[in-house]
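Visitor: Quick one: this structure, given as structure tokens, is what I'll be asking you about.
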Number of protein chains: 2
Amino acid sequence: MLQDTHFPKPVVAVDLVIFTVIDTTLKVFLIQRDSAPFDGLPCLPGGFVRTGEEGEGVEEAAWRVLQQKTQLPLEALYLEQLYTFGALDRDPRDRVISVSYLALIRQDLARYIPQDYRFQGQWYDVDSILQSPSISLAFDHHTIISYGYSRIAGKLEYTPIAFSLVPHTFTVSELRAIHEAIKGTSYDPSNFRRRFKRQLEDGVIVVADGKRITGARPAKVYRFLPATTGRE
Amino acid sequence: MLQDTHFPKPVVAVDLVIFTVIDTTLKVFLIQRDSAPFDGLPCLPGGFVRTGEEGEGVEEAAWRVLQQKTQLPLEALYLEQLYTFGALDRDPRDRVISVSYLALIRQDLARYIPQDYRFQGQWYDVDSILQSPSISLAFDHHTIISYGYSRIAGKLEYTPIAFSLVPHTFTVSELRAIHEAIKGTSYDPSNFRRRFKRQLEDGVIVVADGKRITGARPAKVYRFLPATTGRE
DNA sequence: TCAATAGTGTCTTTCAGACAGTATATA
DNA sequence: TATATACTGTCTGAAAGACACTATTGA
């Protein structure tokens, strides 16, 4: 009905900024392009939103691409819409509007992502990527990653987003390492522990069974308690 | 090149959540639909993103629609992308993906918007809209307005977004009234003034000429100093 | 016993909320 | 002179940054 010639339609795609923390460093998952344009350059994993008979919602498309690339159970993954990039010239071939998403993978699961074949993707240092010139990435993907980084760094302060990067159970130090990897600074262990304890009192975190032997003295293990639906 | 049958394309639209404050109340600008579906129901002003020969960027489309509806100079308007809504069934006619935007109009300019003819749009109480059932608005526009409200209420605390709603010069009370209209609560005048003064010390606000006679004692007038490009 | 990490306690500053009180205009 | 609004000052408690200190393990 709306499908008349008055509105020639753009292509709509999703692009994923997938972050994880490996060895105390924030990483982003990128694919290597194997054709023009930007042949050989790294780019974000993405795909077109399916329409027509086998149509899907935009978020659905993002989940599908995420699942394709990671092969991990959806429960262990975090996904959130970032921003929609719709400049006229962002794809030299055709008009493509990209809805970008931020995805997080727990550090204990990140290594299970297949990355033997480099076109399948591999983990890059976010720091290096952001410092490199934007033309070292395909399309406007440098901008998108930069946007994704701002989002996670910002949300870190006032949301439980970091819990999507630690294993199911974790120690105070492990959580702190995540924060340090993202912000690129070191936190005072004592002050970090105090904030941690407040979350424990507030019921955001609960004590888990067992202890974790990391180096010297074994540490208490905790678990994140997802928002009980009673909250506003 | 990408335009082959593998990717039938959705329609891409922009929808605008235009807020202002009138008489200490937060208002949203809505149009009345005059055809099916949702005939007669209020809906957000919006339009399709132009593609093809006379194509435009998505943000460009948002500015265009904003200009069309308000007829106000762009410098006096604030526009920011909100969220992209892309559920399969959000438009009963066809597949439409909507990129929503938050727009703010200064309270002294809001009354210049043409609203004599009701299909041209009129101001609604945001509070009433949010409390009414979502089916009293066309499409998923209740959700979009709710999203827009959350955005502005959140950003109010830690960004200079409120300055886009006051006149070019303003008093402490006027700015406080904006905050109160958005949050729906009253602020302690003394404490609000303290935060205000800090922004004055930080150079975010500067003293303007003259005084404003509102009721009893005339108040000092201030002006917002937009971020100097020297900032990070 | 030493090194390393886990964990506790304290001092200081900053800032928000509550609220008492003073100043200056209009009616 | 009354009163409404503008504006100042103070008390309290929550929370962050800096940092000294104790505890418990493995090597």
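Derivation of every value follows stated rules applied to the coordinates shown; laboratory data play no part. Quick caveat, the model's predicted, so the values are computed rather than measured. Methodologically, a virtual Cβ is constructed for each residue, glycine included, from the backbone with ideal geometry; neighbour enumeration extends over all protein chains shown.
Visitor: Please rank B:140, A:89, B:108, fewest neighbouring Cβ atoms within 10 Å first, as an exposure proxy.
Guide: With the sparsest Cβ surroundings first, the list reads A:89, B:108, B:140.
Visitor: In chain A, which residue puts its Cβ closest to the axis that turns chain A onto chain B, and how many whole Å away is it?
Guide: For chain A, the closest residue to the axis carrying it onto B is A:9, 2.
Visitor: Roughly how big is the protein assembly as shown's charge dipole about its Cα centre, with Cβ charges of +1 (Lys, Arg) and -1 (Asp, Glu), in debye to the nearest 20? The partial results should precede the final answer.
Guide: Numbers: 54 positive and 56 negative charges, 430 e Å.
About 2060 debye.
Visitor: Another one. With the label 7 angstrom out along Cα to Cβ, how close does residue B:72 come to the same site in each of the other copies, in nm, nearest first?
Guide: Spacings between copies for this position, smallest first, are 4.5 nm.
Visitor: Could you grab the relative contact order for chain A? Cα pairs under 8 Å, six or more apart, rounded to a whole percent. Before the final figure, lay out each step's value.
Guide: On the way: 360 pairs, mean separation 47.7, N = 232.
Reported as a whole number, the value is 21 percent.
Visitor: Still on this structure, please answer the following. I'd like the projected area of the protein assembly as shown, averaged over all directions, using the convex hull of its alpha carbons. Report it in nm² with one decimal.
Guide: On the way: hull surface 105.0 nm².
Projected over every direction and averaged, the Cα hull of the protein assembly as shown covers 26.2 nm².
Visitor: Right, here's the next one. How large is the Kirkwood hydrodynamic radius of segment B:118-232, counting all unique pairs of alpha carbons, in Å? The partial results should precede the final answer.
Guide: Numbers: mean 1/r = 0.0611 Å⁻¹.
After inverting the mean inverse Cα-Cα distance, the result is 16.4 Å.
Visitor: Measuring from a point 7 Å out along Cα→Cβ, what nm distances, shortest first, does residue A:198 have to its partners in the other copies?
Guide: Result for residue A:198, in nm, nearest copy first: 1.5.
Visitor: If you don't mind, another one. Report the relative contact order of segment B:38-137, percent, no decimals, based on alpha-carbon pairs under 8 angstrom and at least 6 residues apart.
Guide: Values: 84 pairs, mean separation 26.0, N = 100.
Once normalised by length, the contact order is 26 percent.
Visitor: Loop only per DSSP, at most 10 neighbouring Cβ atoms within 10 Å: give me the chymotrypsin sites (Phe, Trp or Tyr not before Pro) in segment A:101-166, ordered by residue number.
Guide: On the way: sites: A:101, A:112, A:117, A:119, A:123, A:124, A:139, A:147, A:149, A:158, A:163; in loops: A:117, A:139.
Counting only loop positions with at most 10 other Cβ atoms within 10 Å, the chymotrypsin sites (Phe, Trp or Tyr not before Pro) in segment A:101-166 are A:117.
Visitor: Now for a different question. Quick one: Cα centre-to-centre distance for segment B:165-186 and segment A:74-115, in angstrom?
Guide: 38
Visitor: Let me ask something else about it. Quick one: with label points 7 Å out along Cα→Cβ, list the inter-copy distances for residue B:210 in nm, shortest first?
Guide: Label point to label point, same position, other copies: 7.1 nm.
Visitor: Sort B:207, A:99 so the one with the fewest other Cβ atoms within 10 Å of its own Cβ comes first.
Guide: Lowest to highest Cβ neighbour count: B:207, A:99.
Visitor: What distance in nm lies between label points placed 7 Å from Cα along the C-beta direction at residue A:64 and residue A:196?
Guide: The two pseudo-label positions are separated by 4.2 nm.
Visitor: Let me ask another. Return an integer: the convex hull volume of the alpha-carbon atoms of segment B:1-101, in Å³ per residue. Write out the running numbers ahead of the final one.
Guide: Values: hull volume 14.5 nm³, N = 101.
That works out to 144 Å³ per residue.
Visitor: Follow-up. Could you give the size of the charge dipole of segment A:129-225 about its Cα centre, using +1 on the Cβ of each K and R and -1 on the Cβ of each D and E, expressed in debye and rounded to the nearest 20? Please report the intermediate quantities before stating the final value.
Guide: Working: 14 positive and 8 negative charges, 90 e Å.
Dipole size: approximately 440 debye.
Visitor: Could you list the trypsin sites (Lys or Arg not before Pro) in segment A:61-160 that lie in coil according to DSSP, counting only those with at most 13 other Cβ atoms within 10 Å of their Cβ? Before the final figure, lay out each step's value.
Guide: Working: sites: A:64, A:69, A:90, A:93, A:95, A:106, A:111, A:118, A:151, A:155; in loops: A:90, A:93, A:95, A:106.
Loop-located and lightly packed - A:93.
Visitor: Sort B:25, B:185, A:159 so that the residue with the fewest other Cβ atoms within 10 Å of its own Cβ comes first and the one with the most comes last. Could you put the intermediate results ahead of the total?
Guide: On the way: B:25 17, B:185 7, A:159 10.
Listed from fewest to most nearby Cβ atoms, that is B:185, A:159, B:25.
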